[in-house]
Amino acid sequence: MHPRVGSRPQPSEPTEHERLWLGRCQAGDGAAFQPLMRPYLAGLLALARRHCRDPHWAEDLVQETLVRAFRGLPAFRGDAALRTWLYRILVRLASEPQRWQRSFRAEPLDVDVPDGLGTPAADAAMARELQDRLDEAMERLTPRQRTALHLRAVEGMDYAAIAAVLACTPVAARMHVLAARRKVLDRVREHLEP
Amino acid sequence: MNRTTPSPDCPRSDAVLARFLDGDVDDGSGFALVDDATLRAHLQDCAACRRQLQRARRLDAVLAARVGTAGRGELDPLAQRWFAAVTAATPATVAAATVAPATVTPANVARVAVWPAAALLVLAVLAAWSTWAFAAAERRAAAEVCASLPATGLPDTGLPAGCRSDVPAAPTAAAAVPLRQASVTDIEVAGGTLRRRSRPPVEAPAPDRRLAWRTIGDRSAPTEQRLAALAQVTPPRAPLPTHAFLDQLAVLAGLGDRGGGERELHGRCLALVRGDALFQQQLRSALQLAETRRGAPTDTDLAALTVAARLGVPTLDAALVRLMRRHPERPPVLAAALRCGARAVGAADLLLDVWHDLVARGEIADTDAAPMAWFRHQPDHVFDEVAAALAQTGSSPQRVRCLLALGEASGAPTLQLLLDWLQRGSFLESHAAAFALAHRPRHELADLAAQCQDDHLLRAALARAGLPATVDWLAALGLDAEARALLRHGSFAEFPRVAGWFRGTVAALDD
């Protein structure tokens, strides 16, 4: 493996604290679950929001992920990093909404029209435009591509970890990342010109 | 799935990105000729790859900076809710018993077995020491008491010598107690004092508070007595014990009659609790538990819902909307809680928020008028708020909901509002106004039959309401029994079709 270039460092080994909380959790100490999960909540919510357009569903998805994690923690063997394991649970649940949602719901019909929007500054407008285009481009990806690009760009995971989350090979994970990046770049190209 | 993947400007762009952005090209990558030196040389020569790499770096940066990251302020309340849900959705203990034998390492065993044993040992030592120390102190106190006893064998009165009467005291029952027995009594008194002193400085339990709340909730007691009991209650300095909280919750949920004395008492109780942040915190926790509970709600769930709905605190309202989202069958309970009118502000907004939320999540259809029943028998000020929301909202679906809600109101102002919206609203809004009119009290509609002229919506509304004046219209339309049933009892989704029957026939009916 080549040394990484342009990649953010990421902790692949559990910290001492994580080992401690994990051991206590697996020994039946439910109170250790909160400190064990705390560091991963923001990342889980970000990934859930990438999967669900409705922010409330995203919150529910994280909640269900935590419930499943709590139930499955005694059987967690540490083959993968805890973060990878959590993301894998979330991705699985997101791909099968009928497993955790009470019922499949239709797309919202309601559109709120704000009465008075101030004129945003030019920069803010461009940023919003970029964000809208980016969101649109991400939504056009397949769920696996979207997850792969998110885990790579936002979470800084390497291909092996992404593969563990997606339950595929590292080569397939790389293909998902590259294809997703290419598709998104094609849609927001003009906003990212140097 | 879109299978057409746009091709990069240079066939090696993917390998360049994988190598220089993701740092992860190895021999098994599947890319041809991708060794490090070759790619470096290629990157220097290929402007397209350099540009693509720059774009991709910016894309990753934008994604990382902007995509769905949650701040701590946003995350903390969410985390609380999530962990409460985890606690509620799983047995109290995952328990060592459920841990697979293979996962029990020696270190785990040490944590499971040794630490509790050590803790028990320490507790036992502390208990033995305190018993010994207490006994020694008690012995010392007893000796001091014995030494201070006057020759009579009776305890010193504590009065200064000059105040003491030289006349021997009259014999009393205490004086009749033999010396030995009196000494033992005094030793016990001293021991009791020591015991009280040796207790940790906990906040004394407040039986008066619980007694006061029970008096407040006692409907057989005179109102003055209940108000006096309320005046004794002060906000607690620490969270109430669970039983005290539940007592208070039950009393608060039980209030709510519209009668004069009860109404005043209820208002004061709610005002007291609105200033009690600790009670509200416990109430939020109760709502979270109710949210995560599966199956039928408990009495505590319903009481928490009722009290929170009446308090009108924004954080509790948000918790209630979440609760309704999880349990879409409970908004009628919420509506019932609001009917007493104890909440002066925000009741309509809360009901409309719940309605909007359930529609947005697909629990009910956008044209579903069933939530109209939530507004039935609500106090007048709720409909004033609905009218205000109707005027202010920029959302057409929200206006439809407001109009439907006004169907449960009574009084001239809201009636005129509905008549106005018959003319000025969009298709769905004007039909909602007509549908709502049909639900108004019949005495309000009696005079409208003469004003129908060519307004087919108003005719449809009056016909649905079953006014005697509409009998001739229906006869002229020649509706069969099924059509009449649809007219009288059809849903709002079907109402436009029903109203259409009256559209082209208005002139003919008048003739």
Seminar exercise, completed: Of the residues in region A:53-82 that are more than 10 Å from chain B (Cβ to nearest Cβ) and in contact with a Leu (Cβ under 9 Å, 6 or more places away or on another chain), the one that is surrounded by the most Cβ atoms within 10 Å (Cβ to Cβ) is A:Leu61
For this session: For region A:20-41, indicate whether the set of residues that are in a helix (DSSP H, G or I), within 23 Å of B:Arg325 (Cα to Cα) and at the interface with chain B (Cβ under 9 Å from one of its Cβ atoms) is non-empty.
Result: yes
Seminar exercise, completed: Counting only residues that are more than 7 Å from chain B (Cβ to nearest Cβ), within 17 Å of B:Arg81 (Cβ to Cβ) and modelled with pLDDT of 85 or more, region A:42-52 contains a total of 2
Problem set entry | Filtered residues of region B:492-510 (kept if in a helix (DSSP H, G or I) and modelled with pLDDT under 80) | B:Val506, B:Ala507, B:Ala508, B:Leu509, B:Asp510
Exercise. Looking at B:Arg399, is it under 25 Å from the mean Cα position of the chain (by Cα) and among the basic types (Lys, Arg)?
Worked result: no
For this session: Hey, can you tell me all the residues within region B:378-395 that are buried (at least 19 other Cβ atoms within 10 Å of the Cβ) and more than 15 Å from B:Leu351 (Cβ to Cβ)?
Result: none
Exercise. What single numbered condition from (1) open to solvent by 40 Å² or more (accessible area, probe 1.4 Å); (2) within 18 Å of B:Ala347 (Cβ to Cβ) fails to hold for B:Leu404?
Worked result: (1)
Problem set entry | Exclusive hit being within 8 Å of chain B (Cβ to nearest Cβ), touching a His at 6+ places or on another chain (Cβ under 6 Å), open to solvent by less than 40 Å² (accessible area, probe 1.4 Å) and at pLDDT 65 or above, set A:Leu130, A:Leu149 | A:Leu130
Exercise. Given the conditions (1) farther than 21 Å from A:Val67 by Cβ; (2) open to solvent by 60 Å² or more (accessible area, probe 1.4 Å), and given that B:Thr300 satisfies all but one, which numbered condition is not satisfied?
Worked result: (2)
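The values are calculated or read from the model by the stated rules, or taken from the named source; none is laboratory data. Please read these numbers as outputs of a predicted model, since none were measured by experiment. As a convention, Cβ positions derive from the backbone with ideal geometry for all residues, glycine included, and neighbour counts pool all protein chains shown. Accessible surface areas use protein heavy atoms only, side chains included; no ligands, DNA or RNA. Shrake-Rupley method; radii C 1.70, N 1.55, O 1.52, S 1.80 Å.
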